[in-house]
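So the structure is just underneath, and the comments pick up after that.
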């Protein structure tokens, strides 16, 4: 499970849709809802009744999800918001892994797991270690290291595009 520090490190602002998706899909523990509500309090932001309740009521997963769902329903377009939240979480985790995992073999094993956990998104296929390489520039005569460098290049291209999309550049 991941915590708020992942998102802090990659400069990805969290929102209630991300919290909801993460808890609902066992990416986050339910404690993240309380921590997120506390952070809003610390920034002197106005909290709704549901958000106030989340500052002290974070024991029951279903109760927490129901409270967050009420917050999201008030915003409208819940389905679209949650779908974007799923992508933001996936991107943040990938960027975090790229920043923190120095062993390339471990990095690609973890990226492969993210690919599976998020339903095999097409935009990740170019840097998944077990997928066939479609680029003609990379052939069977290249070394394992050449192929890893190619995957790393494709991963970095993906990250740059997503950093631009979600305005994560510092």
Taking Cα atoms, how many degrees apart are the long axis of helix 31-42 and the longest axis of the chain, rounded to 10 and kept between 0 and 90? 70 degrees
Pop a pseudo-label 7 angstrom from the Cα along the beta-carbon direction at both residue 117 and residue 104 and give the gap in nm to one decimal. 2.4 nm
Given 84-96, 68-80, the highest-first ranking by average Cβ count within 10 Å works out to 84-96, 68-80
Would you please classify the overall shape of segment 69-170 from the alpha carbon gyration tensor, given that a ≥ b ≥ c denote the square roots of the eigenvalues, rounded means a/c under 1.5, and beyond that prolate means a/b larger than b/c while oblate covers the rest? prolate
Yeah, segment 4-79 with a ≥ b ≥ c from its alpha-carbon gyration tensor (a/c under 1.5 is rounded, else prolate when a/b outruns b/c, oblate otherwise) is rounded
Below 8 Å between Cα atoms, with a sequence gap of 6+, how large is the relative contact order for segment 4-79 in percent? 30 percent
Find the relative contact order for the chain and round it to a whole percent, using C-alpha pairs within less than 8 Å whose residues are 6+ positions apart. 23 percent
When ranked by the protection proxy of mean other Cβ atoms within 10 Å per residue, highest first, what sequence do the peptides 112-121, 42-51 form? 112-121, 42-51
Helix 78-100 versus the longest principal axis of the chain: what angle, 0 to 90°, nearest 10, using Cα atoms? 50 degrees
Compute the angle between helix 104-117 and the longest alpha-carbon principal axis of the chain, please, reported from 0 to 90 degrees and rounded to the nearest 10. 50 degrees
Can you list the residues of segment 10-26 with backbone N under 17 Å from a point 7 Å past the Cα of residue 53, pointing along Cα to Cβ? 16-17, 20
Debye log10 I(q)/I(0) for the chain, one point scatterer per Cα, at q = 0.10, 0.14, 0.15 Å⁻¹: -0.44, -0.77, -0.86
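Bear in mind that the values in this text are calculations on the coordinates, not laboratory data. Only a predicted model underlies this, so the values are computations on that prediction, with no experimental measurement involved. So basically every Cβ, Gly included, is an ideal-geometry build from the backbone, and we count neighbours across all protein chains shown.
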